[in-house]
Each structure stands twice: as structure tokens, then as C-alpha cells.
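Here the structure comes first, spelled out in C-alpha cells, and everything after it is commentary.
The values are calculated or read from the model by the stated rules, or taken from the named source; none is laboratory data. From a predicted model like this one, the values you see are computed outputs, not experimental measurements. All Cβ positions, even for glycine, are placed from backbone atoms using ideal geometry, and neighbour counts span all protein chains on display. Note: areas computed on protein heavy atoms with side chains; ligands, DNA, RNA excluded. Shrake-Rupley method; radii C 1.70, N 1.55, O 1.52, S 1.80 Å.
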Amino acid sequence: MKYNRIDSTLFTTNRQNFMAQMAPKSIAVFNSNDQYPVSADTLLPFEQHRDIFYLSGVDQEESILLMFPDAAEPEHREVLFLRETNAHIAVWEGAKLTKEAALATSGIKTVYWLYEFDRVFFQLMTQADTIYFNTNEHYRQAVETQTREDRFIEATKKKFPAHRWAKSNPILQSLRGVKHPIEIDLISKACAITNKGFRRILKMVKPGVWEYEIEAEFIHEFLCNRSKGFAYTPIIASGQNNNVLHYIENNKQCQEGDLLLLDVGAEYANYSSDMTRTIPVSGRFTKRQKDIYNAVLRVKEEATKLLVPGAFWKSYHEEVGKIMTSELLGLGLLDKADVQNQNPEKPAYKKYFMHGTSHHMGLDTHDYGLLFEPITANMVFTVEPGIYLPDEGFGVRLEDDVVVQSQGDPINLMADIPILADEIETLMNE
Ligand code: GLY
Ligand code: MN
Ligand code: MN
């Protein structure tokens, strides 16, 4: 791992919070992600499943976490199963977690090697009535692959058909939606690395530069700061590509007069940051570009203030829609008739701002969080309004990551990342 070891208090607390919500005589199991193949013997870089990471800090393939709060033997309340390692295996396969390192990472004292799983699991299941399965219920999930977790669920249902089944996901959605101070520090670290990357590229963007050259500068800065890379596929979109919401080719040459939309975030210790900035390729915005830019910035600032405890995600989005509508009227992009005649199901502003304003952000860039429960302190959200103008050849999106406070406005974790149009121009022309 490139990141510094995380205080295991985080994982111990997360497990305690999870176990507090489990039914009597129940077991919960969490599996690592598979290693996904390219072809021949090549694998994609490993990405740990965020749930086992959240509950244990174990960032290694073929790992299993088991929790059984009512286990007859206290040592079986929290158990890890890991790939066996020893001095010989380490020579061939590199450093894997020893039992001691697994304890230091996770705070879990009982660590078995993976080949012992079937025996121990059967023993513990004979003491349990319910098994918690970790299905993926994220509101945006569209996964077709059968995961290691899915295979575990299938096999366990066959082997233990008389047990009751329960769902881990709603518990995790609610716990992971609210961040521990250690998590907020890790997200802040990811944001700080993103800041370094952004300041670096401000010095090299000019007409003629290629989008992939900008991508290369970001990744260089991220890797130099103990990040393993981008938190999500970066969008480095110049000119008309500003208006392609999921543009990821990053293969065009930036032209004089273009805007460059950068939706780029570093990860750190599996925590994301999610930033968007829009900058002028030539170092100066035109008057029209600046007017649109400042309108988007005002919407972002006003929207942020609405992220307070008790607010609801859906009504928050409706309120932001009204703020955006008022800016679009001011810019002459909408007129009063457009608004009066609008279909409430598809308000007029959506012509220019067609995506959501905010999502939970954390271990997943589009993170867990119960969207029908009120917003609470220590939730981390993005705020990312945009105005897209294909007819004018450009679009603007601005995105920061903020932490909801128990009182007052959210804290902006990206407050140090330049965003004022004048500041961007000054930095680009230094
Ligand atoms: N970068 C992904 C998003 O902004 O939601
Ligand atoms: Mn983004
Ligand atoms: Mn986002």
C-alpha cells in the first residue's frame, strides 16, 4: 500500500457500530473483491471491496471478515480469514498480511488462514440462526459481473438452507453515509493531493497542449503524494467536450479560446476526492464565459448552504433547481414563459443543467448514504452545478466536496483549490 497505515480505531468503531445493529444469534460475512482478468495472465490492479475495507482496513485479495457478536467463544466475535503467508511465500508473492500485521491494521485478534474458512464457518453457523449477506443496493449500481460476494451468497444459501437471511447493505448505507473524523481526515488528504495536481496543471495549460498531457501531469503529482491514482476515470474535456458529461477519451488538442473542464480527483487510502474546475485554455475567460462561470459559482455557493441537518436530498435538489432557474433567467438563457410553461417533472433549467447537484462522497466516489433519510452532520457531499451550452461551444461545471456541520454552513474540503475566475487567470499567467 502506498498510504500510511490508518489508525485501527476507525475499523474497530465501524465494526462495533455494525454489530450493534445485528439481530440476535446472527453472523455477517464480508468478502474481498475478485482480481479481474484482462487476458492471458494479466490482472487489473486490485481494488478492495469498500465494505470489507470499511470494517477491517484489510486491503488484500481473497480476504474474509466474519462478525458474530453472540459467538459462544469471545475470540469468534470478530474473525479474519487471509491468504496464508510465511517467509517462503513472501519471496514468491511479495508481502501479504501476517497475522500480526492484520491485527495492527484491523484491531482483530483472531486471524485464520483462508483454507480454514469452511471448517470454522460451519462450526459458527451451527450456533447462529441468521446470516447477513452483503448485496449491492447502491442506487446507481449496474453490475453484471458475479462478485466473490455473490458466489459466497449462492454457496451459503445451498449449504445452510434452514438459516434466516438478512441484509447488510442498509446498515452499511446508513453507517458509511456519516463519516468518522478519521475518514474526514483521509478525504481531506485526497482533496489536498487533488489541489496539488490542479495547481500543477495551471502552470502548463496553454493552446496546443493535449488533454492526455494534462492527465499525465495529474497522475504524476498524485503518485508523488502516496495516492495510487485517480479516484475515478478523469474527464479532461476541452471545447465542445465540456458538454459531454462522461467524456473520458482525453485525446484532443486544446485550442485558443476553449474552456477546459477538468473533473479529476485523487484517491488516498481508498478514499475519493471529486473535483471539477473549468479553466480558459488561453489563460483568460471571455466576458461571456466569465458570466456563465460566475453564475455556476453562485449556484454552487448557494446550494452548499442548503446542506444542513434535517434537509432531504430530494427537496434540496428541487431548491437548487430554483436557484439555477433564477440564474438562467438572469443570463437570458430562459425567459419567464419557459418557466411558467415548464413541466414540473422536467423543469426548464434541465435543458442546461441535466445532472444532479450532489452525491455522497467517500470510500466510493458515488458513496453510500440513505437518500430518503434526513441529512445529518458529518455527511460528505459533492456540490457540482453546471451550465452546458453546446450552441456556444462551451460549458462550465464546478465541483467541491463539503462536510455537513451540526450548525452553520458545511465545511468546504476544497476551499484551498483555486476557484475564483480572477485567481485562476492570475495563476495561469504567472
Ligand atoms: N466525477 C464523477 C462525478 O462528479 O460524479
Ligand atoms: Mn466529479
Ligand atoms: Mn461528483
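Identify, by number, the condition in (1) closer than 18 Å to Phe53 by Cα; (2) away from ligand 2 (no atom under 15 Å from the Cβ); (3) buried (at least 19 other Cβ atoms within 10 Å of the Cβ); (4) of a type in the set (Val, Ile, Thr) that Ile187 doesn't meet. If we test Ile187 against (1) closer than 18 Å to Phe53 by Cα; (2) away from ligand 2 (no atom under 15 Å from the Cβ); (3) buried (at least 19 other Cβ atoms within 10 Å of the Cβ); (4) of a type in the set (Val, Ile, Thr), just (2) comes out false.
For the range 56-98, the set of residues classified as under 12 Å from Leu124 (Cβ atoms) and part of a helix (DSSP H, G or I) consists of Glu75, His76, listed by residue number. Looking only at the range 313-329, decide whether some residue is part of a loop (DSSP other than H, G, I, E, B) and either away from ligand 2 (no atom under 16 Å from the Cβ) or of a type in the set (Gly, Ala, Ser) (or both). No, the range 313-329 has no match at all. Among the residues of the range 351-384, the ones that are more than 11 Å from ligand 3 (Cβ to nearest atom), closer than 30 Å to Gln255 by Cα and touching a residue at least 24 places away in the same chain (Cβ under 8 Å) come to 3 in all.
For Ala231, state whether it is within 15 Å of ligand 2 (Cβ to nearest atom) and surrounded by 15 or more Cβ atoms within 10 Å (Cβ to Cβ).
For Ala231, the condition - within 15 Å of ligand 2 (Cβ to nearest atom) and surrounded by 15 or more Cβ atoms within 10 Å (Cβ to Cβ) - is met.
Looking only at residues that are charged (D, E, K, R) and within 15 Å of ligand 1 (Cβ to nearest atom) in the range 348-399, which one is surrounded by the most Cβ atoms within 10 Å (Cβ to Cβ)? Restricting to residues being charged (D, E, K, R) and within 15 Å of ligand 1 (Cβ to nearest atom), the top hit is Glu399.
Let's see how each residue does on (1) modelled with pLDDT of 95 or more; (2) away from ligand 2 (no atom under 16 Å from the Cβ); (3) open to solvent by 60 Å² or more (accessible area, probe 1.4 Å); (4) out of contact with any Phe, Trp or Tyr (no Cβ under 6 Å at 6 or more places or on another chain):
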position: Tyr132; (1), (2), (3), (4): yes, yes, no, yes
position: Arg140; (1), (2), (3), (4): no, no, yes, yes
position: Cys191; (1), (2), (3), (4): yes, no, no, yes
position: Asn195; (1), (2), (3), (4): yes, no, no, yes
position: Met204; (1), (2), (3), (4): yes, yes, no, yes
position: Glu213; (1), (2), (3), (4): yes, yes, yes, yes
position: Ile236; (1), (2), (3), (4): yes, no, no, yes
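The criterion of at least 1 residues that are aliphatic (A, V, I, L, M), within 16 Å of ligand 2 (Cβ to nearest atom) and within 17 Å of the chain's Cα centre (by Cα) is met by the following strands (runs of 3 or more DSSP E) wholly inside the range 347-412: 380-383, 400-403. With respect to the stated conditions, Ala20 fails to be surrounded by fewer than 19 Cβ atoms within 10 Å (Cβ to Cβ), touching a residue at least 12 places away in the same chain (Cβ under 8 Å) and under 24 Å from Ile184 (Cα atoms).
Do the conditions hold for Leu259, that is, is it open to solvent by 10 Å² or more (accessible area, probe 1.4 Å) and either touching a helix residue (DSSP H, G or I) at 6+ places or on another chain (Cβ under 7 Å) or of a type outside the set (Lys, Arg) (or both)? Judged against the criteria, Leu259 is not a match.
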